[in-house]
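Reading through the structure tokens given below for one structure.
The values are calculated or read from the model by the stated rules, or taken from the named source; none is laboratory data. On a predicted model such as this, the values are computed, not experimentally measured, just so you know. Here Cβ is always computed from backbone atoms with ideal geometry, including for glycine, and neighbour counts include all displayed protein chains. Quick note on the areas: whole protein, heavy atoms, side chains included, nothing else; ligands and nucleic acids left out. Shrake-Rupley method; radii C 1.70, N 1.55, O 1.52, S 1.80 Å.
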Amino acid sequence: RQHLKDLGVPRKDFFLPGAAEKFGVRTVTTSLDPATAKLLCFDRSGLPLATCSCNTLNGKRACAASVGNSHLRGFLEIRQALISVGGDPVKVDECWVSNHYACINWKLAAEERSFPEKFGGNLLSWNRVLTQLRYRYEREIIRGHKSPVWRLQTGEVPGNIPLVLCVCALSPRDATAV
């Protein structure tokens, strides 16, 4: 297993138009952010193709990312794939899958954009997302491992432990809050 620190310094120009694409990074991968990561659909070969409105929790299938009569694979299909390899349908609810699906997509897209020479077009894929989702299922649901934030909130660990967090969004403060 290769560690991120072993890859060196990430590229700083990946956000410039065309910078990552010249290494095979797909346009949809370059534009993926925390808000759109849960909307990512993969084509039948397992490559990221588009973001679409069908990946909402209501499960509707009317979206622009359909190819002919064949809908592309999104988080609802990856939930079914996880269940088909032994995941408990009750414990693997749509909210859990949607959250982890978005986090995994966002992380893999960011790694691919940051290191396009190494990963260009190959890191963000259906199989890799499913593999990482299975790993998270195994850790969290089967083994009962809790996140560092959960352990802090419940007092399981002291509040002064070192912790590195990745913030994907900030909620605006309520004007009436003190």
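Quick check: with the 1.4 Å probe, what order do His3, His145 take by accessible area, largest first?
On the way: His3 95, His145 70 Å².
Ranking His3, His145 by accessible area, largest first, yields His3, His145.
Full extension from His3 to Asp43: what is 0.36 nm times the residue separation minus their Cα-Cα distance, to one decimal in nm?
Going from the current span to full extension adds 11.6 nm.
What ranking, highest mean first, results for peptides 125-134, 147-156 when packing means the other Cβ atoms within 10 Å averaged over each residue?
125-134, 147-156
Quick one: length gained pulling Lys22 to Cys166 fully straight, 0.36 nm per residue minus the C-alpha distance? Before the final figure, lay out the partial values.
On the way: separation 144, 0.36 × 144 = 51.84 nm, distance 2.78 nm.
Stretched out fully, the Lys22 to Cys166 stretch lengthens by 49.1 nm.
What is the percent carbon and sulfur in the accessible area of the range 101-178, measuring with a 1.4 Å probe over the protein chains and ignoring ligands?
That share works out to 54 percent.
Tell me the Rg and the Dmax, in Å, that the Cα atoms of the range 70-178 produce.
Computed over the Cα atoms of the range 70-178, radius of gyration and Dmax are 16.9, 51 Å.
Please give the residues of the range 98-124, grouped as numeric ranges, whose backbone N is less than 11 Å from a label point set 7 Å along the Cα-to-Cβ vector of Ile141.
In the range 98-124, the label zone of Ile141 (backbone N under 11 Å from the point 7 Å along Cα→Cβ) covers 98.
Too long at a 32 Å Cα-Cα cut-off: which of Lys22/Lys107; Lys38/Lys146; Lys91/Lys118?
Over 32 Å apart, Cα to Cα: Lys91/Lys118.
Can you give the accessible area of Lys91 in Å² (nearest 10), computed on protein heavy atoms with a 1.4 Å probe?
Here the accessible area works out near 110 Å².
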